[in-house]
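Scroll down for the structure; my scribbles are underneath it.
Derivation of every value follows stated rules applied to the coordinates shown; laboratory data play no part. Remember, predicted model here, so these are calculated numbers, not experimental data. We place every Cβ from the backbone using ideal geometry, glycine too, and count neighbours over all the protein chains shown.
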Amino acid sequence: MKFFLSKLKQVWILNFFRRIFNASKYYNGKYLQILKWGISSKEDTNFSYELTDSNLLDLANVIEVVTKKDFGLILSYLKEAINDTNLKNHVIAETKKSKFVKYADLRCDFAKRLGWYAFVRLLKPKIVVETGVDKGLGSVLLCAALLKNKEEGFTGKYFGTDINPEAGYLMTGIYKSVGNILYGDSISSLSNFKDPIDLFINDSDHSATYEYNEYLTIKPFLTEKAIILGDNSHATDKLGVFSREHGRNYLFFSEKPKNHWYPGGGIGISFSK
Ligand SMILES: C[S@@+](CC[C@H](N)C(=O)[O-])C[C@H]1O[C@@H](n2cnc3c(N)ncnc32)[C@H](O)[C@@H]1O
C-alpha cells in the first residue's frame, strides 16, 4: 500500500487531486452547516452560537493571564452567565415582541461576550462603556454582571453608544436600571463623556481608522487599571498597535463557535503593564 501511494504521488495530476481532497476535508462540513443554517435560521448578521467546551476553557485561561484571578472563579463567572435563565428568558421575550423578530432566532447565546461578562464580574468596574449596541445583547449581559456586582455591594454603570436610533431593543426592565444608551455617533458621544472609564468595549463602526480613533478618544478617560476589549481584533491590528504605542499589554482570544459555520471573531484585550 505504501509503495502504491508513493508511486501515485509521483504522478502530478493524481497527487494534485489527493492534496485538494485532503485540504477540502477541513471545510466540507461547513457547507452542510451553511445549508442547515440557511433553512433553520433567520439571522443575517451578529450570529448566535455557543462556544465549544474547550474554547470556553481557553477563554478562562486567557482571562486568568490578564487579571491574575483564580481560574475556578473565572470559570464560575462564565457559567453564571450561561446559566442565567432570567436573562435568557428576557432576551427571548423581548425578541418576540420586537419588530425585528423576522430577522432573529428565538435563542440566546452570548459566545465571546461571556468574556466581557467575566471581566465585569472580576474587576467590579464603576463605569463600563460599550460602543455599538445593535439589539443590545452585549448591553443586557454587561448590565446583568453589574447587577450581580451590586448584590455584592459594588455599584457600577453601563453606557452604550449607537448611531442607530432603533438600537437597543433588549435594554428594558431591570437591566435598564444600571445602563443607558447614548444615541449618535460614538466618537461624538465619547468626546463629551466625563466619567473615568474602567472597562471599554469597542464594537461600533468596524473600519480600522474609526476603531483606532475610538481608542484615542477614550485614552484620557481611562483609569489606571482600565481594560480595553476590542471586538474587531480578528479583523484589524488597531488595538494591538494602540497598546504598543501607549505602553500597554495586548492579547487576543480567538473564538471557536460550536455547530456553526461562522469562523468566529475574538476578543482583543489591552491591559496595563
Ligand atoms: C456589531 S454591532 C454591535 C453588536 C453589539 N455590541 C452586541 O454585543 O451584540 C455594531 C453596531 O454599531 C453601530 N454603529 C456603526 N457605526 C457607528 C458609529 N459611528 N457610532 C455609533 N454606533 C455605530 C451599528 O448601528 C450597530 O448597531
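Brief remarks on what is shown
- Within the chain, antiparallel bridges make up roughly 40 percent of the DSSP beta bridges whose residues both belong there.
- Cα Rg, Dmax, segment 190-259, angstrom units: 12.5, 43
- Note on Cys143, Cys108: ascending count of other Cβ atoms within 10 Å places them as Cys108, Cys143, the fewest first.
- With neighbours defined as other Cβ atoms within 10 Å of a residue's Cβ, the residues Val129, Val101, Val66 order from fewest to most as Val101, Val66, Val129.
- Cα gyration tensor shape of segment 1-132, rounded if a/c is under 1.5, else prolate or oblate by comparing a/b with b/c: oblate
- For segment 140-273, taking Cα atoms only, Rg and Dmax work out to 15.4, 43 Å respectively.
- Choice from Leu32, Leu51, Leu251 showing the highest fluctuation, given a GNM over the chain with Cα pairs closer than 10 Å: Leu32
- Local electrostatic count at Leu239 - Lys and Arg +1, Asp and Glu -1, tallied over other residues with Cβ under 13 Å: -2
- 0 to 90° range, to nearest 10: angle between helix 137-151 axis and the chain longest Cα axis: 50 degrees
- Gain on full stretching of the segment that runs from Asn249 to Thr45 - 0.36 nm per residue minus C-alpha separation: 70.4 nm
- The chain shape via C-alpha gyration tensor axes, a/c threshold 1.5: prolate
- Contour minus Cα-Cα distance for Leu106 and Ser177 (0.36 nm per residue): 23.1 nm
- Positive-end ranking of Gly240, Phe221, Ile74 along the dipole of segment 50-272, with charges on Cβ about the Cα centre, is headed by Ile74.
- Choice from Tyr27, Tyr117, Tyr262 showing the highest fluctuation, given a GNM over the chain with Cα pairs closer than 10 Å: Tyr27
- Extension gain for the segment Ser98 to Asn164, taken as residue separation times 0.36 nm less the Cα-Cα distance, is 22.2 nm to one decimal.
- Within segment 115-273, percent of DSSP bridges classed antiparallel, to nearest 5: 35 percent
- Within segment 159-230, the trypsin sites (Lys or Arg not before Pro) that combine a DSSP coil assignment with at most 12 other C-beta atoms in a 10 angstrom radius are Lys194.
- Qualifying lysines (Cα of each under 26 Å from Cα of Lys68; at least 8 residues distant if same chain): Lys79, Lys112, Lys124, Lys126, Lys148, Lys150, Lys157, Lys219, Lys225, Lys238, Lys256, Lys273
- Net charge of Cβ neighbours under 10 Å - reference Asn213; Lys, Arg +1; Asp, Glu -1: -2
- Normalised contact order of segment 50-272, rounded percent, pairs of Cα under 8 Å and 6 or more residues apart: 18 percent
- Charge tally in the Cβ shell below 13 Å around Gly138, where Lys, Arg are +1 and Asp, Glu are -1, Gly138 excluded: -3
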